[in-house]
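These notes concern the structure reproduced below.
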Amino acid sequence: MVDIKEVAENILLIDNELYSIPKWGSVYLINEEKKALVDTGPTTSVNTVLAGMEKAGVDPGEIDYVIATHIHLDHAGGIGELLKHMPQAKVLVHEKGARHLVNPERLMKSFASTMGERMMRKTGPVAPIDEKRVVPVSGGEVFKLGEKQSLRLLHTPGHAPHQLCILESRNNGLFSGDAVGISVAEGKVLIPATPPPAFDLELYLSSLQKLMELNASLIYFAHFGVTGKVKESIKIAADKLKAWNTLVSQTFNESGFEAAFTKIRAQLYAELEPARESESLYQYLADGIVAMNITGFLKYFQDKRKAD
Ligand SMILES: [Zn+2]
């Protein structure tokens, strides 16, 4: 039975049961005169999202906007399939990602090579989106959904070059995608998400600074759920990125790449420990997210050393 919850006024969280794991993937339905979805999850979550909307009493035909916080498949892979149920909907996506949703072959290849064939099967095929339905944005745009609700889009690169955040005016809440990182186990674990191929430490930190200055009242995490501890969360993310960078730099300089790899892995396992209360989530984090974070972080680190 799909889990839905009103997390702020006119904002509904649908647990899209991402990869069959509870409390891992959030889809947000903004229910105003005009209606919007923030992220969808992959194609394998589409039926759950539709069931969530039905439970909320919202007809998919009424959706005006589907917003991709970024084009990674665990956020946007299902949009093409979902649009078949949403004849009115336009897709808002950063201009750097737009063409990959229209022609998803490269996106699927990149995902399969980073995450593996097994994850690709769990994600499902990616249906292309008709170019006419895509609205490329660059940040700064405002979309009015009703008397009291406007969405302001912000470009917040770092996790990915096409990462957007969305500030909604009714509750002063921020849809953070993966820009602040992932927050799981009821907020007991918060770690930045640093995947290959395009994680960028400096951009991530400057985006976090920009988000800090918004003085938002809530963060709606894509992974997972809502917090009122906005500044604390942003600070934790920034502090962790800096600490990981120090750890990797020192270890690399003293003992080389292998040692840096081992050190950062041990650090990540330690930070994920409180997530053990949910077996399936912990397994996924320990197997998938740790490897993804290390690969992305070390790739950035090595590319930067080459460039310096
Ligand atoms: Zn994600």
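No value in this document is a laboratory result; all are computed from the given coordinates. None of the values given here were measured: they were computed from a predicted structure. All Cβ positions, glycine included, derive from the backbone under ideal geometry; neighbour counts span all protein chains shown.
With both bridge residues required to lie in the stretch 4-237, what share of the DSSP beta bridges run antiparallel, to the nearest 5%?
Roughly 65 percent of the beta bridges in the stretch 4-237 run antiparallel, per DSSP.
Can you sort LYS188, LYS35, LYS210 so the residue with the fewest Cβ neighbours within 10 Å comes first?
The order, fewest Cβ neighbours first, is LYS188, LYS210, LYS35.
Taking 7 Å along the Cα-to-C-beta vector as the label spot, tell me the ASN253-SER206 distance in nanometres, rounded to one decimal.
Rounded to a tenth, the inter-label distance reads 2.4 nm.
How much length, in nm to one decimal, is gained on full extension between SER169 and SER20, taken as 0.36 nm per residue of separation minus their Cα-Cα distance?
50.4 nm
Tell me what the chain gives for mean residue ellipticity at 222 nm when only DSSP H runs of n ≥ 4 count, each as -39,500 (n - 2.57), the sum divided by the residue total, rounded to 500 deg cm²/dmol.
After summing the helix terms and dividing by residue count, I get -12500 deg cm²/dmol.
Figure the gain on full extension for THR262 and ALA112 (residue separation times 0.36 nm, minus the Cα-Cα span) and round it to one decimal in nm.
Computed gain between THR262 and ALA112 is 51.5 nm.
Between LYS55 and GLN283, what is the FRET efficiency for a Förster distance of 41 Å, r being their Cβ-Cβ separation, to the nearest 0.05?
It comes out at approximately 0.90.
Relative to the present Cα-Cα distance, how much length would full extension add between GLU232 and LEU214 at 0.36 nm per residue of separation?
Between GLU232 and LEU214, full extension yields 5.1 nm more.
Quick one: compute the contact order of the chain, relative version, from alpha carbon pairs under 8 angstrom and 6+ residues apart, as a percent.
Answer for the chain is 14 percent.
Measuring from centroid to centroid over Cα atoms, what is the spacing of the stretch 45-118 and the stretch 1-43 in Å?
13
Based on the mean of other beta carbon atoms within 10 Å per residue, what is the order of 149-155, 257-263, most packed first?
Result, highest mean Cβ count within 10 Å first: 149-155, 257-263.
Would you kindly compute the Cα radius of gyration of the stretch 4-237 and its largest Cα-Cα separation (Dmax), both in Å?
15.9, 46
For the stretch 1-94, what are Rg and Dmax over the alpha carbons, in angstrom?
Expressed in Å, the Cα Rg and Dmax of the stretch 1-94 come to 11.6, 33.
Alpha carbons only, please: Rg and Dmax for the stretch 234-302, in angstrom.
Over the stretch 234-302's Cα set, Rg and Dmax evaluate to 12.5, 37 Å.
Taking a 18 Å limit on the Cα-Cα distance, which of the listed pairs LYS96/LYS210; LYS210/LYS304; LYS263/LYS306; LYS210/LYS231; LYS109/LYS304; LYS23/LYS299 fall beyond it?
Table pairs above 18 Å Cα-Cα are LYS96/LYS210; LYS210/LYS304; LYS263/LYS306; LYS109/LYS304; LYS23/LYS299.
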